[in-house]
Amino acid sequence: MHFAVMAAEAIEFLAVRPEGVYLDATAGLGGHTREIAQRLTTGKVIANDRDPESLEMARRNTAEWADRICYHQGAFSQIAEAAPACGAGKLDGLLADLGVSRYQLTEPARGFSFMAEGPLDMRMDQTTGMTAADLVNQYAEKALADLIFQLGEERRARKIARAIVRARPIRSTLHLAGVVERAVPRTNRLHPATRTFMALRMLVNDEQGELDRLLATGPELLASGGRMVVISFMSLEDRKVKERFRGLAREGRAVILTKHPAVPTEYEKGLNPASRSAKLRALEMK
Ligand SMILES: C[S@@+](CC[C@H](N)C(=O)[O-])C[C@H]1O[C@@H](n2cnc3c(N)ncnc32)[C@H](O)[C@@H]1O
């Protein structure tokens, strides 16, 4: 069973209209796309993802409503191309549900998980770019330490970076997880490699840069009255969304719909623990 995080809130803030045109920038497994598509008559939803495998799963999971969905593969940095490629103009709504999907996290072959043996890949789009293995085996120790400290918010980054450099070449997810675990013993419920894996994933996919580009371009794609909804799971990301939305409001170009971010209900958190840290922000263009 797949849960789209804060689906009811996302639909409410998007104010989905039956004849509207929507862009789901992070189709993933198609959960939000399906919620939008179900509410359309003559409208359209563009299901976008940079991960071709995920887009394929979204396609399968939304097949029933395929007549109103246009599937598009691309990263946030190419998001301006999605609507024209689908024959659409300005958007009535744009949704982004950031991060990785449960499929990406749990499929060993994708290399995101420190719980299962797999190649150290971590690329959302496996057709391009450097892998996590390239990174851990080639980066200088100091660069690795900075990366793990800044993106992973890991205090023991220096120790971890030193251990990684000594253990090279690192060949697999479990190899890396073991190296980290031996360098920094477990202090709480979190696996010691959690933050290191997160930092690598964020750099491999340039998640910060991608979010910057989505926040720069996204609002420009919206019609007057169009809405942008972003669900983030990390404070670094939520801060970027908040600042960009505030900037647009200050310029008089948009109205912020969420003075404080909306968060999942206790019920949803109980049902889907992965939703715990979600924060949703929404704005409407003037
Ligand atoms: C949390 S999942 C989305 C789940 C989806 N909302 C659902 O209901 O199934 C995030 C998705 O965003 C995609 N993604 C992350 N960063 C991206 C980027 N920069 N450009 C395009 N897609 C991205 C990932 O490949 C992943 O499939």
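The values are calculated or read from the model by the stated rules, or taken from the named source; none is laboratory data. Note that the structure is a prediction, hence the values are computed from the model and not measured. When we count neighbours, we look across all protein chains shown, and the Cβ atoms used for this are built from the backbone with ideal geometry, even at glycine. Remember, those area values only see protein heavy atoms, side chains included, never the ligands or the DNA or RNA. Shrake-Rupley method; radii C 1.70, N 1.55, O 1.52, S 1.80 Å.
Given (1) away from the ligand (no atom under 16 Å from the Cβ); (2) in contact (Cβ under 8 Å) with a residue 60 or more places away in the chain; (3) open to solvent by 70 Å² or more (accessible area, probe 1.4 Å), where does residue 84 come up short, assuming only one miss?
For residue 84, the exception is condition (2).
Considering only region 132-149, I want to know if a residue exists there that is over 29 Å from residue 279 (Cβ atoms), at pLDDT 95 or above and aromatic (Phe, Trp, Tyr).
yes
Assess whether residue 156 counts as being modelled with pLDDT under 95 and open to solvent by 10 Å² or more (accessible area, probe 1.4 Å).
no
Could you tell me whether any residue of region 150-162 is within 28 Å of residue 230 (Cβ to Cβ), within 13 Å of the ligand (Cβ to nearest atom) and part of a loop (DSSP other than H, G, I, E, B)?
no
If a residue has to be more than 16 Å from the chain's Cα centre (by Cα), part of a helix (DSSP H, G or I) and closer than 17 Å to residue 221 by Cβ to count, how many in region 56-86 make the cut?
Looking only at that region, the number is 6.
Quick check on region 10-21: of everything there that is open to solvent by less than 30 Å² (accessible area, probe 1.4 Å) and within 26 Å of residue 105 (Cβ to Cβ), which residue is nearest to the ligand (Cβ to nearest atom)?
This residue is 10.
Looking for whichever is of a type outside the set (Ser, Thr, Tyr), within 15 Å of residue 26 (Cβ to Cβ) and modelled with pLDDT of 95 or more here; the options are 278, 282, 249. Which one fits?
Exactly one residue qualifies, and that residue is 278.
Out of 111, 93, I need the residue that is farther than 30 Å from residue 18 by Cα, within 16 Å of the ligand (Cβ to nearest atom) and touching a strand residue (DSSP E or B) at 6+ places or on another chain (Cβ under 9 Å). Which one?
Answer to the check: 111.
Take region 22-38 and flag every residue that is of a type in the set (A, V, I, L, M) and either open to solvent by less than 10 Å² (accessible area, probe 1.4 Å) or more than 12 Å from the ligand (Cβ to nearest atom) (or both).
Matches in region 22-38: 23, 25, 27, 36, 37.
Give the residues of region 122-138 that are crowded, with 19+ Cβ neighbours inside 10 Å and away from the ligand (no atom under 12 Å from the Cβ), sorted by residue number.
Those that are crowded, with 19+ Cβ neighbours inside 10 Å and away from the ligand (no atom under 12 Å from the Cβ): 132, 133, 135, 136.
Out of region 210-236, which residues are within 16 Å of residue 79 (Cβ to Cβ), outside any strand (DSSP E or B) and either in contact with a His (Cβ under 7 Å, 6 or more places away or on another chain) or not charged (D, E, K, R) (or both)?
Correct list: 211, 214, 215, 216, 217, 218, 219, 221.
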